[in-house]
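Coordinate-derived values only; no laboratory data. Computed from a prediction, not measured in an experiment: that's the story for all the values here. Please note: Cβ atoms are built from the backbone with ideal geometry, for glycine as well, and neighbour counts cover all protein chains shown.
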Amino acid sequence: MALISRGFSGRPRSDEPDLPPGQYLTSDFPVLSAGPTPRVPLDTWAFTIVTEAGERHSWDWKAFRQLPAEDLTVDLHCVTRWSKLGTSWRGVSLDTLLEDVETAAEYAHVRSYGGYTTNLPLEDLLDGQAWIAFEYDGEDLAPEHGGPARLLVPHLYLWKSAKWVQGLILTPEDEPGFWETAGYHIYGDPWREQRYAGD
Ligand SMILES: Nc1nc2c(c(=O)[nH]1)N[C@H]1C(S)=C(S)[C@@H](COP(=O)(O)O)O[C@H]1N2
Ligand SMILES: [Mo]
């Protein structure tokens, strides 16, 4: 009698606990950009947070790179159904950037060099859930993946992780960005399969 214990056969892919519904695993790193890759010289780069009261908090590249940074390993989930697990980044936590920002706004509108926008609740940027990442896999973040720096919000579909990020506008209302206006979900939780408006 052959007794085969599942414990010895490894974890079947379909049961991959880190894979949200409707996603498949990929080991390469696809590039998804709605337009051309903007080239942002570091001597003109800045990251700016504007509050609902019009207060501006801005960091040029030098000031940004002097902020405490951390290494993180996260899973990426694109709404086009690929997921990439265990990716390594280095970035500045949004907790650090928002530390001295006084606001009662509940939402953030994210703007990128090149014109891309997206939106999310401000609380999704806090408590160790989001970073402005400037290294991927130990190297400077490549321009096609959003270098010099991109937003990284791995618990939401990857369209929320704005490449070439330029800043945040804090707003009382949730204002749909580029893909949200085109019919994608206003929030985009991959675990609840919130791909399109109405999901
Ligand atoms: N500025 C900008 N950010 C963007 C996009 C874009 O077109 N422009 N595409 C989004 C989408 S749909 C995805 S899936 C990811 C892709 O990131 P990658 O090209 O590094 O894989 O970037 C997101 N951030
Ligand atoms: Mo995407």
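General remarks:
- For the chain, built as a Gaussian network whose Cα springs stay under 10 Å, the top-fluctuating residue of Pro176, Pro154, Pro36: Pro36
- Gyration tensor verdict on the range 50-199 (Cα atoms; rounded if a/c is under 1.5, prolate if a/b is larger than b/c, oblate otherwise): oblate
- In the chain, the DSSP beta bridges split such that about 85 percent are antiparallel, to the nearest 5.
- Estimated dipole of the range 11-68 in Debye, rounded to 20 [Cβ of Lys and Arg +1, of Asp and Glu -1, Cα centre]: 200 debye
- Relative contact order %, the range 34-152, counting alpha carbon pairs below 8 Å whose residues are six or more apart: 23 percent
- Once backbone amide H atoms are built at 1.01 Å from N, Ala108 has Leu120, Leu122, Thr171 as its partners under 5 Å, excluding neighbours fewer than 5 places away on the same chain.
- For the chain, the 222 nm mean residue ellipticity estimated from helices alone, with every DSSP H stretch of n ≥ 4 adding -39500 (n - 2.57) and the total spread over all residues, rounds to -1500 deg cm²/dmol.
- The fewest-to-most ranking of Arg90, Arg56, Arg65 by surrounding Cβ atoms within 10 Å reads Arg56, Arg65, Arg90.
- Low-density loop positions, GluC sites (Glu not before Pro), the range 120-199 - DSSP coil, at most 11 other Cβ in 10 Å: Glu173
- When Rg and Dmax are taken over the Cα atoms of the range 47-96, they come to 15.0, 39 Å.
- Highest-MSF residue in the chain out of Ala108, Ala34, Ala133 [GNM, Cα springs under 10 Å]: Ala34
- Size of electric dipole in the chain: Cβ of Lys, Arg +1 and of Asp, Glu -1, about Cα centre, debye, nearest 20: 800 debye
- Structure remark: mean-square fluctuation, Gaussian network model of the chain, C-alpha springs under 10 Å; the largest value among Gly115, Gly188, Gly35 belongs to Gly35.
- For the chain: relative contact order, % (alpha-carbon pairs under 8 angstrom, 6 or more apart): 23 percent
- Of Lys84, Lys62, Lys160, the sequence from fewest to most neighbouring Cβ atoms within 10 angstrom is Lys62, Lys84, Lys160.
- Amide H contacts under 5 Å for Tyr196: His185, restricted to partners 5 or more places along the chain or on a different chain, H placed in the peptide plane at 1.01 Å from N.
- Unit charges at the beta carbon, dipole of the range 33-74: most positive-side option, Val50, Phe64, Thr37: Thr37
- Taking other Cβ atoms within 10 Å as a rough exposure proxy, Ser27, Ser88, Ser33 sort from fewest to most as Ser27, Ser88, Ser33.
- Taking θ as phi - 60° and the Karplus parameters 6.51, -1.76 and 1.60, the scalar couplings of the range 101-112 work out to 8, 8, 7, 10, 5, 9, 10, 10, 9, 9, 10, 10 Hz in sequence order, x denoting glycine and proline.
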